[in-house]
């Protein structure tokens with residue numbers, strides 16, 4: 001069975017702090033894809049990143065970085081120097097022949 | 001401006017009503033999805049149309065009926081809904097590489113329809 005766990009329900013930080021959102025997944029497939037999406041208060045989910053199971057290289061995009069580790073089945077997301085505009089619900093997702101989302105982590109960045 | 005448009009944005013209906021949610025994508029994608037987002041629950045994938053083939057989802061009650069007349073339009077027909085069906089219904093689209101499969105490509109989401117069942 002496929003499963004995505006985001007253990008952190010809510011996180012609150014002060015602007016400029018670094019914050020890491022955890023994602024742990026379960027799958028028996030050897031080929032799969034991992035995603036992170038951002039859902040701001042407006043409601044629309046916005047795609048952030050996709051990783052396939054054969055590419056464990058970490059990625060950095062501006063203040064965002066992702067750490068994919070197959071050994072621990074984790075795909076964690078770090079925001080460096082957080083800003084108020086980063087406040088949103090962040091979802092981790094696993095896809096192959098099915099699509100599973102985690103429950104989401106609500107991030108609040110206070111000024 | 002989003003490439004995936006959902007109408008209406010809000011819908012209030014009684015349990016005996018029949019209504020339809022509409023989704024349209026302008027991104028040239030060939031797969032479309034319906035999701036249900038309830039409070040404090042993960043997004044639930046309800047239906048997928050990929051390369052004009054519908055992926056069945058047996059866990060979705062029959063009071064929800066999808067329709068995909070072409071690759072750009074997707075409907076969700078609703079009838080005899082229950083109060084627990086109140087939720088945000090999100091439509092998404094993506095490129096798909098094989099029929100019947102859930103796309104491994106990034107999905108583009110609409111703003112959703114907030115549905116309330118009285």
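The values are calculated or read from the model by the stated rules, or taken from the named source; none is laboratory data. Values in this document were obtained by computation on a predicted structure and should not be read as measured data. Glycine also receives a Cβ, built like all others from the backbone with ideal geometry; neighbour counts cover every protein chain displayed.
General remarks:
- Entry remark, the stretch A:39-90: residues being part of a strand (DSSP E or B), touching a residue at least 40 places away in the same chain (Cβ under 8 Å) and over 13 Å from the mean Cα position of the chain (by Cα) number 0 in total.
- Single match in A:59, A:44, A:15 (criterion: under 22 Å from residue A:88 (Cβ atoms) and at pLDDT 95 or above): A:15
- Of the listed requirements (1) more than 10 Å from the chain's Cα centre (by Cα); (2) in contact (Cβ under 8 Å) with a residue 12 or more places away in the chain, residue B:69 misses just one: (2).
- Any chance residue A:103 is touching a residue at least 24 places away in the same chain (Cβ under 8 Å), part of a strand (DSSP E or B) and either touching a helix residue (DSSP H, G or I) at 6+ places or on another chain (Cβ under 8 Å) or within 9 Å of another protein chain (Cβ to nearest Cβ) (or both): no
- Subset tally (residues that are modelled with pLDDT under 90 and either touching a helix residue (DSSP H, G or I) at 6+ places or on another chain (Cβ under 7 Å) or over 15 Å from residue B:96 (Cα atoms) (or both)) for the stretch B:46-70: 4
- Residue tally, condition outside any strand (DSSP E or B) and on the phi < 0 side of the Ramachandran plot, over the stretch B:8-57: 17
- Selection within the stretch A:22-38 - within 13 Å of chain B (Cβ to nearest Cβ), within 15 Å of the chain's Cα centre (by Cα) and assigned to a loop (DSSP other than H, G, I, E, B): A:23
- When each of A:47, A:68 is tested for being away from chain B (no Cβ under 14 Å), surrounded by 13 or more Cβ atoms within 10 Å (Cβ to Cβ) and in contact with a strand residue (DSSP E or B) (Cβ under 8 Å, 6 or more places away or on another chain), the lone residue that passes is A:68.
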